[in-house]
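Below you'll find the structure, written out as C-alpha cells, and then a few comments.
The values are calculated or read from the model by the stated rules, or taken from the named source; none is laboratory data. As the structure is a computational prediction, the values presented were derived from the model and not from experiment. Positions of Cβ are generated from backbone atoms using ideal geometry, with glycine treated the same way; all protein chains shown enter the neighbour counts.
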Amino acid sequence: MELEHWEKNHSEAYSDISKSLENIKGIFVAYNSNIDAIKHIEKDDFDKLLKHVNLKNVKHRSMSFPRVIKDPDDLMARLVIAMRDGKAAEVPTYSTDVHEWLTNHIDFDNAYMGGQAGIISNFLANIDIKNVVTYVPWLSKEQAEYFTNSKNLLYPVVENSKLSFKHPINAYNPEYEPKVNWIMEFSKGLEVQCGEEEFVVPRDNRLILSSRPTWLRIDMSKELYEQLPELGKNVDGAILSGYQMIKENYEDGSTYHNYVKKSVDAIKRLKNGNPDIRIHVEFTSIQDKFIRERILKDIVSQHVHSLGLDTIEVANALNVLDYEELAYAVINKTEKGISALYEGAVRLLYELELERVHVHSLGYFICVVKNTHPVDIEDHRNALLFASTASAAKAKIGNIKSIDDIKKGLGTPVSEKGYNHLQELAKYLEKEGICLTEEFEKGYIRTPYHDVIIIPTKVVEKPVATVGIGDIISASAFAAVLAKMK
Ligand SMILES: Nc1ncnc2c1ncn2[C@@H]1O[C@H](COP(=O)(O)OP(=O)(O)O)[C@@H](O)[C@H]1O
Ligand SMILES: O=P(O)(O)OC[C@H]1O[C@](O)(CO)[C@@H](O)[C@@H]1O
Ligand SMILES: [Mg+2]
C-alpha cells in the first residue's frame, strides 16, 4: 500500500475511533503522577553545570554508567551519555542534594504534569472519556493542581466505607509533598564539549532524573483497597504504571515482595468487581534489572492483558527474560533490528501470557494480539492509526486539550522512513512464510497463533516536546480498543 493510502487510513480511523470513544464507561489510571520540571539544556547551561563538577570524576563515572544518580558527578556523566548516544534515559536519584544542586545553578523553564499515569489521566479526561478515575498514592496539593480541570476527571475517596469520587483538587492530602522530576531536554545539533571530548547531539532527546523520596510507595489505603471491586464496576479498563518505583529493600525492613503482592492483589480485586475489565501496563526504562524482572514476571505475567513499551524497553524486557541475543538484535542498528523487534514482541506476548503487546517506535508501531482477543483485527489497526494521529498532535502542539486537537495530527505526513523500515519487516515475514505481500500492505496479518498489526506512523519534524508521547500513544490505542469491545 502506498503512503497516500496510509494517509487515508489514518483519516478514516480518526473518524471511526473518535465517534466510538463515547462507548467507554470509564478508565482507571494509576499510580505515578508527578511534576516534571522541564529544562531545555543549551550550550551555556551545560558549560555552567560542568564548571561545578569534577571533570575527571565525570569521565570516570561515565565509564561505569551509573544506574542511580548519587551526586552531581553521576548526573553529568549520565547527561553526557544521553546527549552523545541519543538514547532516551530515565535514571532514579534517592538523594535530594542533586535536586538542590540543580536548582542552585539553573532554573527550569516550565513545570508540567508528569508520570505515565498523570499524563495519561489528563489526556483521557481532555478527550472526554467518561469517568477517568485517577489514583496517585502521594496526592499533594501541588500535584492536584496539575490535573486538568475537567468534571470527568475523578479521584476515588472512601468515606464511611463508601466509595465516592471527587476531582483531585478536592481530594489531596495537605501534608504530602510533591514528587518533582527533572527533565533535561536537548536538541539535535547541539555542540557539546566535555574536557577533550567533543560531539554533536544526534537527535532531540532528554534525560529524566526520576526523584525517589524515601516516602514513595506503590500502595493504597486499606479502605480504598477494599473498595477496588466497586471501583472495577465503574470502568471498562485500567492503565497502570509506576511500578518502577518499587525498591528491593526499604528502610522499615519491608521488601519489594510486599509491594509486588499488593500490586497484584489490587489487580485481582479490580477483576473481582469486573471480570471483563482489561488491564494495560505502560512500561518505562527501569534501570534496576532485578525490579524490572520482578515487575514482568510477578505483576505483568498472568495478571495483565496489554503491555505498552518502546523499542529500548522491549530489548530491556527481553534481556531479563533470558532472551539476551534477541535483546541485542533489537537494539542493534542493522536491518535485522525490526524483525528482531517483531520476534521480541511475540516472545513477550507468550512469555508474559498477555493478549496484546503494543510496541511504539519512531515511524512505525508493531502490535501483536492473541487471535482470541474479542476485538477484530481491523479495529486493532484503527486503534493504532488513531494513536499515530494522537502522537503527531502531541508532538506538534504539546498539550492535547480536546478530541479535535488530535485531528490536528492528521496534517503531519506518515513517515516515509518508517514506511521503508516496514518493507524490511515485510521481506522477513514473507521469507518466513508468515504472510503474503498483500496482507502486509493492509497492515494486518493473521497467523494460526496470533495476529500482527503493523502500521507506518506520523512523525513531526520539529516536536515541541518529546516527553510523554509514548504514554499518549499507548493510552489512545488502548482506549480505542476498549471502545471497540462494546
Ligand atoms: N517527533 C515525533 N513525532 C511523532 N512521534 C514521536 C516523535 N518523537 C517521538 N515520537 C513517538 O514517541 C515515542 C516515545 O515513547 P517513549 O520512549 O515511551 O517516551 P515516553 O514514555 O516519555 O512518552 C516514540 O517511540 C515515537 O513513537
Ligand atoms: O518513573 P517516574 O519517576 O514516575 O517518572 C516517569 C517519567 O516518565 C514520564 O512519565 C514520561 O513517560 C515523565 O513524565 C516522568 O518524569
Ligand atoms: Mg514510554
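A few remarks follow.
- Residues (within 16 Å of ligand 1 (Cβ to nearest atom) and modelled with pLDDT under 90) located in the stretch 86-116: Gly86, Lys87, Ala88, Ala89
- A single entry from Val260, Val264 fulfils the requirement of being under 22 Å from Asn34 (Cα atoms), in a helix (DSSP H, G or I), in contact (Cβ under 8 Å) with a residue 12 or more places away in the chain and more than 16 Å from ligand 1 (Cβ to nearest atom): Val260.
- For the stretch 348-374, a tally of residues being more than 20 Å from the chain's Cα centre (by Cα) and assigned to a helix (DSSP H, G or I) returns 2.
- Selection status of Glu430, away from ligand 1 (no atom under 16 Å from the Cβ), assigned by TED's automatic domain parsing to the domain that holds Ser20, farther than 30 Å from Ala89 by Cβ and touching a helix residue (DSSP H, G or I) at 6+ places or on another chain (Cβ under 8 Å): yes
- For Tyr225, the criteria (1) of a type in the set (Phe, Trp, Tyr); (2) at pLDDT 95 or above; (3) within 16 Å of ligand 1 (Cβ to nearest atom) hold in every case but one, which is (3).
- Residues in the stretch 89-121 that are β-branched (Val, Ile, Thr) and in contact (Cβ under 8 Å) with a residue 40 or more places away in the chain were compared, and the one that is farthest from Arg67 (Cα to Cα) is Ile120.
- Hits in the stretch 163-221 (condition: within 16 Å of ligand 2 (Cβ to nearest atom), among the acidic types (Asp, Glu) and more than 25 Å from Val460 (Cα to Cα)): Glu177, Asp219
- Among the residues of the stretch 110-120, the one identified as more than 16 Å from ligand 3 (Cβ to nearest atom) and surrounded by 13 or more Cβ atoms within 10 Å (Cβ to Cβ) is Ala111.
- Among the residues listed as Ile239, Ile218, the single one being closer than 27 Å to Asn173 by Cβ, in a loop (DSSP other than H, G, I, E, B) and in contact (Cβ under 8 Å) with a residue 60 or more places away in the chain: Ile218
- With respect to the conditions (1) under 30 Å from Asp97 (Cα atoms); (2) within 20 Å of the chain's Cα centre (by Cα); (3) not in a loop (DSSP other than H, G, I, E, B), Tyr146 lacks only one, and its number is (3).
- Of the criteria (1) aliphatic (A, V, I, L, M); (2) farther than 29 Å from Pro156 by Cα; (3) crowded, with 18+ Cβ neighbours inside 10 Å, which one Ile246 fails: (2)
- You will find that of His257, His280, His303, the residue that is in contact with a Ser or Thr (Cβ under 6 Å, 6 or more places away or on another chain) and not basic (Lys, Arg) is His280 and no other.
- Residue within the stretch 251-272 that is basic (Lys, Arg) and buried (at least 21 other Cβ atoms within 10 Å of the Cβ) present: no
- Set Lys25, Lys56: member being of a type outside the set (S, T, N, Q), farther than 30 Å from Ser388 by Cα and either assigned by TED's automatic domain parsing to the domain that holds Arg206 or in a loop (DSSP other than H, G, I, E, B) (or both): Lys56
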